[in-house]
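No lab work stands behind these numbers, since they all come straight from the coordinates. Computed from a predicted structure; not experimentally measured. Counting neighbours? That spans all protein chains shown, and the Cβs are built from the backbone with ideal geometry, glycine included.
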Amino acid sequence: MFLRIDRLQVALPQPKEADPNAAAAVQELLGGRFGEMSTLMNYMYQSFNFRGREGLRPYYDLIANIATEELGHIELVSATVNLLLTGATQPAPPDQAPLAAAASLRNTHHFIATAQTTLVGDSMGGSWRGDYVFSSGNLVLDLLHNFFLENGARLQKIRVYEMTRNPVAREMIGYLLVRGGVHALAYAKALESVTGVNVSKMLPIPNIENAKFPEARKYESQGVHRVLYRFSPEDYKDIARIWRGPAPTGDGELQVVDGPPAGGPIPVLPEVPEEFAPGLDPAEIAELAKKLAAS
């Protein structure tokens, strides 16, 4: 079961203007082959299908706990895309073609299918695919795949960062570079404890430190790169048997923190009348508010 908190994992800045082409690029980090949908569903299914859990509890706890954090990452990337799309068009009667500007944008699916919000797909509008999920049943192979997946995701985050100067997109990417680094290191440490191979010596992949990105450097200065959050009131405590010891950055010890990060508010998306979203006029909304208040 999951406990949901009505906050994002980190606060996002408010955009000064819409940036739908940046939104299209960021969409890849949600529903692309190496997007947050893939990290979530890989770890989720591996935790569902985990065999020998009682004898291998720390590894089960690690995969299940990171899967839960990935739920919040999907929400964070979605909020970023939605903020970047907000204000891309203006209300007008249908015969005045209020969505005309969208015809020349990179991802028209955002405007045709989802009323200027995220989709379960990539930067070109292609749907996320279930065969992106790898759950072999072999612990070492699954952990190795997860290590690969986190580093593939890191590479694509950096490439999207290089595509845009948008401060909303870069804030989100900076945070996820740090959190993805935590997950890559966690899987490396898990692999080392099983096989004796020091996989963490391969990090970072690609070979550029998070500190090179100002937004990521800010979170590292707060120690976020040393923390593995435990997303449960009582469970997944054995992650501390893997996530321990000195941080590779040499600036402190790895630490398990009980509970989620403080986070930030979820943006409130305005109505988009030209998209018929939510499709109720002000009088209807006022009437609904009265009914709900009276019930």
Checked PRO267, PRO278 against criteria (touching a residue at least 40 places away in the same chain (Cβ under 8 Å) and on the phi < 0 side of the Ramachandran plot); the one match is PRO267
The residue from LEU203, LEU155, LEU139 that alone is buried (at least 19 other Cβ atoms within 10 Å of the Cβ), over 27 Å from ILE266 (Cβ atoms) and not polar (S, T, N, Q) is LEU139
Quiz item: Quick check: is even one residue across segment 200-216 in contact with a helix residue (DSSP H, G or I) (Cβ under 6 Å, 6 or more places away or on another chain), in a helix (DSSP H, G or I) and among the polar types (S, T, N, Q)?
Solution: yes
Checked segment 3-18 for anything more than 15 Å from ASN82 (Cα to Cα) and under 13 Å from the mean Cα position of the chain (by Cα); matches are GLN9, VAL10
Test: ASP235 is in a loop (DSSP other than H, G, I, E, B) and under 23 Å from LEU62 (Cα atoms)
yes
Practice problem: Restrict the check to segment 219-234 and report whether at least one residue is crowded, with 18+ Cβ neighbours inside 10 Å, in contact (Cβ under 8 Å) with a residue 60 or more places away in the chain and among the basic types (Lys, Arg). | Solution: yes
Item to complete: Within segment 184-195, identify whether any single residue is assigned to a loop (DSSP other than H, G, I, E, B), in contact with an Asp or Glu (Cβ under 8 Å, 6 or more places away or on another chain), in contact (Cβ under 8 Å) with a residue 12 or more places away in the chain and under 30 Å from ASN49 (Cβ atoms), and answer yes or no.
Response: no
Does LEU76 fit the bill of being under 13 Å from the mean Cα position of the chain (by Cα) and under 18 Å from VAL268 (Cα atoms)? yes
In segment 60-90, residues that are at negative phi and outside any helix (DSSP H, G or I) total 4
The residue that is farthest from ILE208 (Cα to Cα), considering only those in segment 240-285 that are over 29 Å from the mean Cα position of the chain (by Cα) and surrounded by fewer than 11 Cβ atoms within 10 Å (Cβ to Cβ), is ALA283
Next on the checklist: Take the conditions part of a helix (DSSP H, G or I) and out of contact with any helix residue (DSSP H, G or I) (no Cβ under 9 Å at 6 or more places or on another chain) and apply them to ASP95. Does it pass?
Outcome noted: yes
From the option list VAL268, VAL256, single residue qualifying as in a loop (DSSP other than H, G, I, E, B) and β-branched (Val, Ile, Thr) is VAL268
Residue hits (segment 98-120; aliphatic (A, V, I, L, M), free of Cβ contacts under 8 Å to residues at least 40 places away in the same chain and part of a helix (DSSP H, G or I)) are ALA100, ALA101, ALA103, ILE112
Original post:
So is PHE134 part of a helix (DSSP H, G or I), touching a residue at least 24 places away in the same chain (Cβ under 8 Å) and over 17 Å from the mean Cα position of the chain (by Cα) or not?
Top reply: no
(1) surrounded by fewer than 12 Cβ atoms within 10 Å (Cβ to Cβ); (2) under 30 Å from TYR60 (Cβ atoms); (3) in contact (Cβ under 8 Å) with a residue 24 or more places away in the chain all hold for ASN210 apart from (1)
When segment 39-59 is checked residue by residue, the ones that are touching a helix residue (DSSP H, G or I) at 6+ places or on another chain (Cβ under 8 Å), in contact (Cβ under 8 Å) with a residue 60 or more places away in the chain and assigned to a helix (DSSP H, G or I) are THR39, MET41, ASN42, TYR43, GLN46, ARG57, PRO58, TYR59
